[in-house]
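The values are calculated or read from the model by the stated rules, or taken from the named source; none is laboratory data. What you are looking at is a predicted structure, and each value in this text was computed from that prediction instead of being measured. Reconstructed Cβ throughout: ideal geometry from the backbone, glycine too, with neighbour counts over all protein chains shown. SASA here: full protein model, heavy atoms, side chains in, ligands and nucleic acids out. Shrake-Rupley method; radii C 1.70, N 1.55, O 1.52, S 1.80 Å.
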Amino acid sequence: MLPFLLKRISTMILTALCLTFVVFYLTNLPPNLEKLAKSEAGSRITDDEVASWLERNGYASPMILRYGEWLGVVPGWTTADADGTVVAGRCIEKGQDPATAARFCGILQGDWGVSSVFKDDVSKIIGVRLTLTGILMFWVMVTMVPVSLLIGILAGMREGSRLDRSLSTFSISTAATPEYVSGVILIAIFASSITGLKWFKGSAASAMDGITFENFFLPVLTIALYGVGQVARMTRASMAEVMTAQYIRTARLKGVSFANVVIKHALRNALIAPFTVIMLLFPWLLNGVVIVETLFSYKGFGWTLVSAAGNNDIELLLGCSVVAVFVVLITQLISDIGYVFLNPRIRIS
Amino acid sequence: MSKPDYDGPILEIENLSISFFTRLREIPAVMDFSCTVQPGEAMGLVGESGCGKSTVALAVMRDLGKNGRIVGGTIKFKGRDLTTMSEEELREIRGSEIAMIYQEPMASLNPAMKIGQQLMEVPMIHEGVSKEEAYDRALEVVTDVRLPDPERILKSYPHQLSGGQQQRIVIAMALMSKPALLILDEPTTALDVTVEAAVVDLVKDLGKKYGTSMLFISHNLGLVLEVCNRLCVMYSGEAVETGSIKDVFDKMQHPYTQALFRSIPLPGADKNARPLVAIPGNFPLPHERPNGCNFGPRCDYFQAGRCDAGDIPMFPVEGHDRHDTRCLKVAEIDWNAPLVAAKTTEKAPIGDVVLKMDDLRKYYEVSANALFGGSTKVVKANETLSFEAHEGETLAIVGESGCGKSTFAKVLMGLETATSGQILLHNHEIQSTPIQERSTETVSSVQMVFQNPFDTLNPSMTVGRQIIRALEIFGQGNSDEERHERMLELLDLVKLPRAFAERMPRQLSGGQKQRVGIARAFAGGAKIVVADEPVSALDVSVQAAVTDLLMEIQRENRTTLLFISHDLSIVRYLSDRVMVMYLGHVVELGSTDQVFAPPYHPYTEALLSAVPIADTHVEKKRIVLEGDIPSAMNPPPGCPFQTRCRWKSKVPGGLCEKEVPPFRTLAAGHQVKCHLSDEELASMEPVIKIAAE
């Protein structure tokens, strides 16, 4: 197990490096930097002034070096005045004595930079926003997984039955409806004066202070519905296949009742495939929350990502992408390990 | 639950008809089928694939699926009609009174459940016993099926056991509740011959011990002879002949049964002097059955206007014990008439050496654990392989799974390169040239006929196109017209109608597909053809025809045929020389007569005794090998066969465990890899004796 983990983690780190470099490269393209200079130093500055601003703020060195600085493996940039004293640098905060500043300051040192829009530490912003999104995701998973597995199993245990047909229709239609459609429909039905129902709130802004069923149900439902469709389809296919397996016939002809055939013999084998899909849903959820959080103005991770991209907030955008990359890779690792435990053939072979 | 006492026949099937319903039509699978199984009796159900024998078994279990329905007749189990029972009643009977053993043991066991759980479930459901009692029962039954270390087995998952062990577990599961009737559906088809022999032995003993009646379904007449008291021959959904083993085997009264026996290689058959007689034509599809006698169109005794006039009932045969046949002309046919000598041929002379293997070795490195990497292990797939093959010769390579015969074929074809040693093809070294780098000439002169014709043809290309493609690759013909002409000639060669060129593979039967495979192999004028179990996936009646075709093409083209097989009957019938392999080693090499007569290598001896022979006159010595074939990843030290050899004690000083035996020459061309002294070898008795009539 240990060498497996080590191998997986090292490939994970390598993947993370590659991906963050791509994001770094894209966010640090010259037009972006020019925009940054103009928003920081005034929008009417000349091209020469832009160049000198970029140079003074350490954006002039080669891309790969700046990536190293950002990572924290290359010493941070410094600028000196005419007599050679360091006056400013990546690692020197305002009002700090340059001599006491650290040489390296990057992701590895825990210095994620400062958001140019929120004027706050990126790590702090991401921490707060990620917690909010975490709460949302947790409730989505809690509703989605049991519901979708149940639908999938009920539909798959008797392929082609009336129950299967109706549940399949339901799951196909939810899987085919993207969140921005279902979200709008749900708001229109349950939270607007069109129907006059107004059971729930159309905005989840108040959920950031305290979650109630009323303010949180619609965003959770919007994300969960889409996932339910996908996972239920997958579970149904897997269950239907398992039900035709020869060992299910063996169990049936042993005299096992139908309920026990499903629960004792089919279930575990049928859950192997959906498990991987559920794990794949985590990164998708990170993605999906972008739309839902914006729609319900819930200021979580997705909302932050959107505003960082919209405002050319390079440091925040980079921070978000690092988090996203790690969420993807870690859930994949968990899914591989979990798979091994579900499937005894892999465990000991 | 107590089982009611009952002393009539265990199973009575009367005029059973089963149909499958599709959207298009009703497809009758079984028609007017009757049979009776008495207590303690073993009934064999024999027939080719698609004849409905498995459908009968599933009907007894009432598990025909959604489309299948019993449309007529009754199935009485201990006097109670199964066809009218409710699901509830059926569940009580399934597993407790009637149990089933399946063809593929691996697929029949739940991969995610421990063996113990799967076994304990049976008495817990049917008798409501406690977990502890169920565990004790499971332990007892696992011991009964002669598995070593039962406690460990109960704790393992199915994939941790070998195929033979899995099948024993399936048998144990069936016996957990001491059923009155055991249905065995091709229980040994997926197993190796020596393992098959042990499993068959076990089934017979347990049947006696528990007094269980059996319904034994098989396509193998030899196995039925060994296990059953009575048998029923099925053809295209009907029982055509039923009776005691002795009557049906020796005094058969139906043309199909007779044709079946004439098409299987029994001892005494010979490819030149007494060739097999294939049944002409093809098995009719269920919705294309002829009027009257289903076998009519393929029958030698067919009489138009009489045999195809109407449904034919079963007729009892006078003077025999419960012997029935579905033939109108039973009284008119002279059943003892000797077989009209089919065309006999001259033995083709054997030419020069075309292929020479010298000390060939092939080792694989595999990582010990598929998912987690880790240390690598060396699998010695082929060890010191040396032999010569001559022009026009058939060299059979015999051995069970894992013996390295397929690896050898891969190395020869160039799909793998040898680790060391030499392969000389017409004095050119080819052992380390992979197939991509071989010249067109080399590639076209060494070709292969594959085991499974169903998977080796491209399903989306017409037959003709596939052969033309082979011709293009082999650089045959100068223009498309020429190649098209050559393709038609090849179809003639394999005796397929020229119209087949336009057909898709799915429109062909198994035997026809294999003929296309053969045509493709010979497209480039192959000098050496490796036939890897070319007929084992085909039905008995088709096997003979395909084998004959191969022999005929060989005689004409003077091809060297390397015939890889595990079926010793067919090997004896068609090969000139035989090479026996075990765990990567050649253990015996000699002419067919030398290998099939003593002195044997101990492994050859066991192999010969394991092969079921469908002839009541043959007396066989039973040698049951204990245990399974060791893993090639972890071969035993010394002689590869020492772990299962019954002669090991005859070699002094534990030499077998220390050294790999040398390859000794016993007679001209007969070599054996064994430590046994000459006297011991000379004392061996023949395994197969044909009793005087």
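What's the number of the only condition in (1) open to solvent by 40 Å² or more (accessible area, probe 1.4 Å); (2) part of a helix (DSSP H, G or I); (3) closer than 26 Å to B:VAL60 by Cβ that B:THR189 fails to meet?
Exception for B:THR189: condition (2).
What are the pairs, 6+ residues apart or on separate chains, where a residue within region B:487-500 that is open to solvent by less than 50 Å² (accessible area, probe 1.4 Å) has its Cβ under 7 Å from a residue that is among the aromatic types (Phe, Trp, Tyr)?
That search, which allows pairs on different chains as well, returns B:LEU490/B:PHE522; B:LEU491/B:PHE500; B:LEU493/B:PHE522.
Right, A:SER238: within 8 Å of chain B (Cβ to nearest Cβ), among the polar types (S, T, N, Q) and open to solvent by 10 Å² or more (accessible area, probe 1.4 Å) or not? Talk me through it step by step, then tell me what you get.
Details: within 8 Å of chain B (Cβ to nearest Cβ): no; among the polar types (S, T, N, Q): yes; open to solvent by 10 Å² or more (accessible area, probe 1.4 Å): yes.
No.
Given the conditions (1) touching a strand residue (DSSP E or B) at 6+ places or on another chain (Cβ under 9 Å); (2) modelled with pLDDT of 80 or more; (3) closer than 30 Å to A:PHE341 by Cβ; (4) not β-branched (Val, Ile, Thr), which single one is not true for A:PHE4?
(2)
Mind telling me which of the residues A:SER39, A:SER43 ends up being away from chain B (no Cβ under 14 Å), open to solvent by 70 Å² or more (accessible area, probe 1.4 Å) and more than 22 Å from A:GLY89 (Cβ to Cβ)?
Working: A:SER39 fails: more than 22 Å from A:GLY89 (Cβ to Cβ).
Every option except A:SER43 fails the conditions.
Any idea which residue in region A:314-347 is nearest to the chain's Cα centre (by Cα), counting only those that are within 14 Å of chain B (Cβ to nearest Cβ) and open to solvent by 30 Å² or more (accessible area, probe 1.4 Å)? Spell out how you get there, then give the answer.
Going residue by residue through region A:314-347, those that are within 14 Å of chain B (Cβ to nearest Cβ) are A:333, A:335-347.
Subset that is open to solvent by 30 Å² or more (accessible area, probe 1.4 Å): A:336-337, A:339, A:341-342, A:345-347.
Working: A:ASP336: 18, A:ILE337: 20, A:TYR339: 21, A:PHE341: 25, A:LEU342: 25, A:ARG345: 31, A:ILE346: 29, A:ARG347: 29 Å.
The extreme case among them is A:ASP336.
Looking only at residues in region B:19-64 that are part of a strand (DSSP E or B) and charged (D, E, K, R), which one is farthest from B:MET100 (Cα to Cα)? Let's see the steps before the verdict.
In the first step, residues of region B:19-64 are kept if they are part of a strand (DSSP E or B); the result is B:19-21, B:26-37, B:42-46.
Of the ones still in play, those that are also charged (D, E, K, R) are B:26, B:32.
Details: B:GLU26: 27, B:ASP32: 23 Å.
Top of the filtered list is B:GLU26.
Only one residue in A:ALA60, A:ALA82 is open to solvent by 80 Å² or more (accessible area, probe 1.4 Å), farther than 30 Å from A:PHE341 by Cβ, among the small types (Gly, Ala, Ser) and not assigned by TED's automatic domain parsing to the domain that holds A:SER321, so which one is that? Reasoning before the result, please.
Working: A:ALA60 fails: open to solvent by 80 Å² or more (accessible area, probe 1.4 Å).
The match here is A:ALA82.
Would you please name the residue that is modelled with the lowest pLDDT, looking only at residues in region B:369-402 that are open to solvent by 50 Å² or more (accessible area, probe 1.4 Å) and touching a Gly at 6+ places or on another chain (Cβ under 6 Å)? Steps first, answer last, please.
Pass one, region B:369-402, residues open to solvent by 50 Å² or more (accessible area, probe 1.4 Å): B:370-371, B:374-378, B:380, B:388, B:391, B:401-402.
If we keep only those that are touching a Gly at 6+ places or on another chain (Cβ under 6 Å) too, we end up with B:380, B:391.
Working: B:LYS380: 77, B:GLU391: 85.
Top of the filtered list is B:LYS380.
Would you check if A:ASN311 is within 14 Å of chain B (Cβ to nearest Cβ), open to solvent by 10 Å² or more (accessible area, probe 1.4 Å) and either closer than 30 Å to A:ASN32 by Cβ or free of Cβ contacts under 8 Å to residues at least 24 places away in the same chain (or both)? Walk me through how you get there before you give the answer.
Details: within 14 Å of chain B (Cβ to nearest Cβ): no; open to solvent by 10 Å² or more (accessible area, probe 1.4 Å): yes; either closer than 30 Å to A:ASN32 by Cβ or free of Cβ contacts under 8 Å to residues at least 24 places away in the same chain (or both): yes.
Considered against the rule, which asks whether it is within 14 Å of chain B (Cβ to nearest Cβ), open to solvent by 10 Å² or more (accessible area, probe 1.4 Å) and either closer than 30 Å to A:ASN32 by Cβ or free of Cβ contacts under 8 Å to residues at least 24 places away in the same chain (or both), A:ASN311 comes out as no.
Of everything in region B:110-130, what is open to solvent by 60 Å² or more (accessible area, probe 1.4 Å), part of a helix (DSSP H, G or I), more than 7 Å from chain A (Cβ to nearest Cβ) and of a type outside the set (S, T, N, Q)? Give them in sequence order.
B:MET124
Hey, could you check region A:255-301 for residues that are open to solvent by less than 10 Å² (accessible area, probe 1.4 Å) and more than 38 Å from the chain's Cα centre (by Cα) and say which is nearest to the other protein chains (Cβ to nearest Cβ)?
Across region A:255-301, the extreme among qualifying residues is A:GLY255.
Scan region B:277-325 residue by residue and report those that are under 22 Å from B:GLU12 (Cα atoms) and not in a loop (DSSP other than H, G, I, E, B).
B:PHE315, B:PRO316, B:ASP324, B:THR325, listed by residue number.
So that you can scan it fast, the table gives a plain yes or no per residue for (1) within 14 Å of chain B (Cβ to nearest Cβ); (2) touching a strand residue (DSSP E or B) at 6+ places or on another chain (Cβ under 8 Å):
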position	(1), (2)
A:GLY156	no, no
A:PHE170	no, no
A:ALA175	no, no
A:MET243	yes, no
A:LEU253	yes, yes
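Which one of B:ASP532, B:ASP576 is in contact with an Asp or Glu (Cβ under 8 Å, 6 or more places away or on another chain), open to solvent by 10 Å² or more (accessible area, probe 1.4 Å) and in contact (Cβ under 8 Å) with a residue 40 or more places away in the chain?
Details: B:ASP532 fails: in contact with an Asp or Glu (Cβ under 8 Å, 6 or more places away or on another chain).
B:ASP576 is the lone residue from the list that is in contact with an Asp or Glu (Cβ under 8 Å, 6 or more places away or on another chain), open to solvent by 10 Å² or more (accessible area, probe 1.4 Å) and in contact (Cβ under 8 Å) with a residue 40 or more places away in the chain.
Looking at this structure, is A:GLU55 in contact with a strand residue (DSSP E or B) (Cβ under 9 Å, 6 or more places away or on another chain) and surrounded by fewer than 16 Cβ atoms within 10 Å (Cβ to Cβ)?
yes
Please go through region B:597-614 and pick out each residue that is surrounded by 20 or more Cβ atoms within 10 Å (Cβ to Cβ) and in a loop (DSSP other than H, G, I, E, B).
Result: B:PRO599, B:TYR600, B:HIS601, B:VAL611, B:PRO612, B:ILE613, B:ALA614.
Using the structure shown, decide if B:GLU104 is facing another protein chain (nearest Cβ under 8 Å), over 33 Å from the mean Cα position of the chain (by Cα) and open to solvent by 30 Å² or more (accessible area, probe 1.4 Å). Before the answer, list the steps.
Values: facing another protein chain (nearest Cβ under 8 Å): yes; over 33 Å from the mean Cα position of the chain (by Cα): no; open to solvent by 30 Å² or more (accessible area, probe 1.4 Å): yes.
For B:GLU104, the condition - facing another protein chain (nearest Cβ under 8 Å), over 33 Å from the mean Cα position of the chain (by Cα) and open to solvent by 30 Å² or more (accessible area, probe 1.4 Å) - is not met.
May I ask you to verify whether A:GLU69 is open to solvent by less than 50 Å² (accessible area, probe 1.4 Å), assigned to a helix (DSSP H, G or I) and either farther than 19 Å from A:ALA308 by Cβ or touching a His at 6+ places or on another chain (Cβ under 8 Å) (or both)?
Yes, satisfied.
From the set of residues in region B:228-259 that are part of a helix (DSSP H, G or I) and of a type in the set (D, E, K, R), which is least open to solvent (accessible area, probe 1.4 Å)?
That would be B:ASP247.
Confirm whether A:ILE189 is among the hydrophobic types (A, V, I, L, M, F, W, C), over 21 Å from B:LEU109 (Cα atoms) and open to solvent by 70 Å² or more (accessible area, probe 1.4 Å). Even if it seems obvious, please write down each step before you answer.
On the way: among the hydrophobic types (A, V, I, L, M, F, W, C): yes; over 21 Å from B:LEU109 (Cα atoms): yes; open to solvent by 70 Å² or more (accessible area, probe 1.4 Å): no.
No; evaluated as a whole, the condition is false for this residue.
Please go through region B:131-157 and give me each residue that is modelled with pLDDT of 85 or more, away from every other protein chain (no Cβ under 12 Å) and part of a loop (DSSP other than H, G, I, E, B), ordered by number.
Correct list: empty.
Kindly evaluate A:LEU197 against the criterion of being away from chain B (no Cβ under 14 Å), more than 24 Å from A:GLY127 (Cα to Cα) and over 28 Å from the mean Cα position of the chain (by Cα). Before the answer, list the steps.
Working: away from chain B (no Cβ under 14 Å): yes; more than 24 Å from A:GLY127 (Cα to Cα): yes; over 28 Å from the mean Cα position of the chain (by Cα): yes.
Yes, satisfied.
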